[in-house]
Amino acid sequence: MVAAVDALSVEIGGLGGFLAVGSRLRIESAAGPVPAEVVALSTRGARAVAFAPLDGVRLGSPAVLTGTATLAPCAAWLGRVVDPLGRPLDGRGPLPAGPVALPVRTRAPEAAMRARLGPRLDLGVRALDGFCTMRRGQRLGLFAASGVGKSTLLSMLARGADCDAAVICLVGERGRELREFIEDDLGVEGMARSIVVCATSDAPAPMRREAAFAAMTIAESLAREGRHVLLMMDSVTRFALACREIGLAAGEVPATRGHTPGVFAELPRLLERAGPGLESGGGAITGLFTVLVEGDDHDEPVADAVRGILDGHVVLDRRIGERGRWPAIDVLRSLSRTVPGCLSEEERVIASRARGILALAGEMADLVRLGAYRHGTDPAVDEALRLAPRIEACLAQRKDEPRGGVDAAFAALASALA
């Protein structure tokens, strides 16, 4: 039964040795049953955080052990919107249960048993296909401050990427934006092959954290059937903030900029589950994870930890968007660690030359504005100033523009450099 209640958690007594960290409970209250999860144990009892508001929970309210968290997703969930507990949010009736109930919390595949990364992957966004070429099963981070076009970029990827299914996880999003994202950004074409998992910003911290694990479990279920799955999560930062709230409620001491140590333990447990499947068979999970950097500080603790776990990073720069070029990807600060293994020699030369031109044009921009550089002084600078606008025009892409792939991106770059 409930022995204590505070703003974020409850203390449970009476279940003794039956509970473990991660056990799920059902707390009976005047407002209805409240699902909860055990996050800490002590001699006084168990500390649990609730997946719903604690309104109506009183001292002495009964708590019933319900086991551990599982989901039974299947391909029939494609085109649906669900909450982190696997309940439908789109008003289209109940979700069919898949043949196997999978634990929401599980370990990543053993490193020595995993397959290698697959062939290169067409994302349908020229800036990524040309400068941050990905391989099937890779994990990439999209780093940006708020309002720089992360959601629009995700919608372009959901519609244009070469995948069998997409799982889109929205953690801590504004409630009013869900339908806009589904109907305007994803559209009928993107939604038909997607499963959207959503926990809005007003959801309790356990629901926001659970959204990430539930989306990963759904992606794993589809990959077990041999599908190539594109998992997109917006954002890992809000997942980390939910983990911090839970850690503080469990009694953890804040350490790095207020983040509890548990945050940095949960990040690799989540992110390492994406990637290529086992060598013995199954599909791969290609992961795209957005990171909301605070105050454009790309070295803040969560961003720094995520960048070290993933296989590359893409930086979205507000200044590029203010100049009118969307998506606002800073290709000079973006990196895919798998590029050497998926480009031909000719493509490497094109990408390297384009980077060099953009870098040199950027270095000379202030001198040109001040009138301190005279045309004809340096042929390399003259070439950079002439070709950089053409490369920038190649990188610009409307969200409703027909999608290409890696070959089309390099053909466009080669044309711009000609």
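The values are calculated or read from the model by the stated rules, or taken from the named source; none is laboratory data. This one's a predicted model, so the numbers in the text were calculated from it and none came from an experiment. Note that we place each Cβ from the backbone using ideal geometry, even for glycine, and neighbour counts take in every protein chain shown. Ligands, DNA and RNA are excluded from the accessible area calculation, which covers all protein heavy atoms including side chains. Shrake-Rupley method; radii C 1.70, N 1.55, O 1.52, S 1.80 Å.
When shorter helices are ignored and each DSSP H run of at least 4 residues is given -39500 (n - 2.57), the per-residue value for the chain at 222 nm works out to -10500 deg cm²/dmol.
Convert 25 °C to kelvin, take the viscosity as 0.890 mPa s, use the Kirkwood radius over C-alpha pairs of segment 159-318 as Rh, and evaluate the Stokes-Einstein diffusion coefficient in µm²/s, rounded to a whole number.
Values: Rh = 16.4 Å.
In µm²/s, the coefficient is 150.
About its Cα centre, the chain has a charge dipole of approximately 500 debye under the convention of +1 per Lys or Arg Cβ and -1 per Asp or Glu Cβ, with nothing else charged.
Using a probe radius of 1.4 angstrom, the carbon and sulfur fraction of the accessible surface of segment 1-124 is 59%. Annotation: peptides 241-248, 394-401, ranked by per-residue average of other Cβ atoms within 10 Å with the highest first, follow the order 241-248, 394-401. Evaluating 6.51 cos²θ - 1.76 cosθ + 1.60 at θ = phi - 60° for every residue in segment 330-336, the Karplus couplings come out as 8, 5, 6, 9, 9, 8, 10 Hz, glycine and proline recorded as x.
Please compute the Kirkwood hydrodynamic radius over segment 301-418, one decimal place, Å, based on all pairs of different Cα atoms. Before the final figure, lay out the partial values.
Working: mean 1/r = 0.0625 Å⁻¹.
Evaluated over segment 301-418, this radius sits at 16.0 Å.
Expressed in units of 2.2 N^0.38 Å, where N is the residue count, the Cα radius of gyration of segment 132-247 is 1.03.
Take every DSSP beta bridge whose two residues both sit in segment 149-262; close to 5 percent of them are antiparallel. Label point of Ala396 set 7 angstrom out along Cα-Cβ; within segment 306-328, amide nitrogens under 18 Å from it belong to 317-328. What is the helix-to-structure angle for 236-249, meaning the angle in degrees between its Cα long axis and the longest Cα principal axis of the chain, kept from 0 to 90 and rounded to the nearest 10? Between the helix axis and the principal axis of the chain, the angle is about 30 degrees.
What the phi angles of segment 21-38 give under the Karplus curve with 6.51, -1.76 and 1.60, with θ = phi - 60°, is a coupling list of 4, x, 5, 9, 10, 10, 9, 7, 9, 5, 8, x, x, 10, x, 8, 9, 6 Hz, glycine and proline written as x.
Distance from the C-alpha centroid of segment 160-179 to that of segment 235-259: 24 Å, rounded to the whole angstrom. What the chain shows is 43 Å² of accessible area per residue, with the surface traced by a 1.4 Å probe over protein heavy atoms.
Selection among Pro96, Leu370, Phe264 by position relative to the dipole of the chain gives Pro96 as farthest towards the positive end (Cβ unit charges, Cα centre). Near Thr290: Cβ cut-off under 9 Å, other residues only, Lys/Arg at +1 and Asp/Glu at -1. The net charge is 0. Taken over segment 118-175, the ratio of Cα radius of gyration to 2.2 N^0.38 Å equals 1.18. Reported to the nearest whole Å, the Cα centre-to-centre distance from segment 71-102 to segment 300-370 is 38. Each residue of segment 269-280 is assigned a 3J(HN,Hα), and the resulting list reads 4, 7, 5, 5, 6, 7, x, x, x, 5, 4, 6 Hz, derived from the Karplus form 6.51 cos²θ - 1.76 cosθ + 1.60 (θ = phi - 60°), x at Gly and Pro. Volume per residue for the chain equals 152 cubic angstrom (convex hull of Cα atoms). Amide H contacts under 5 Å for Leu121: Met134, Arg135, Arg136, restricted to partners 5 or more places along the chain or on a different chain, H placed in the peptide plane at 1.01 Å from N. Beta bridges assigned by DSSP with both partners in the chain are antiparallel in approximately 50 percent of cases. Distant-in-sequence amide contacts of Leu288, defined by a placed amide H-H separation under 5 Å and a gap of 5 or more residues or a different chain, comprise Leu140, Leu231, Met232, Met233. The local environment of Leu89, defined by Cβ-Cβ distances under 9 Å, has a net charge of 0 under the rule Lys, Arg +1 and Asp, Glu -1. Taking the Cα centre of segment 248-298 as reference, the dipole from Cβ charges on Lys and Arg (+1) and Asp and Glu (-1) amounts to some 160 debye.
Farthest towards the positive end of the charge dipole of the chain, among the residues Ala328, Ile285, Pro109, is the Cα of Pro109, using unit charges on the Cβ of Lys, Arg, Asp and Glu.
Tell me the net charge near Arg257. Cut-off is 13 Å between Cβ atoms, Arg257 excluded, with +1 for each Lys or Arg and -1 for each Asp or Glu.
Working: positive: Arg244; negative: Glu294, Asp297, Asp299, Glu300, Asp304.
The answer is -4.
Amide H contacts for Phe143 (H built 1.01 Å from N in the peptide plane; partners 5 or more residues away or on another chain; cut-off under 5 Å): Val291, Val314, Val315, Leu316. Helix 406-417 axis versus longest C-alpha principal axis of the chain: approximately 30°, rounded to the nearest ten.
If each residue of separation counts as 0.36 nm, what is the full-extension length gain between Asp299 and Ala3 once their alpha-carbon separation is subtracted?
Numbers: separation 296, 0.36 × 296 = 106.56 nm, distance 4.20 nm.
Length gained, Asp299 through Ala3: 102.4 nm.
The angle separating the long axis of helix 345-370 from the principal Cα axis of greatest extent in the chain is about 80 degrees.
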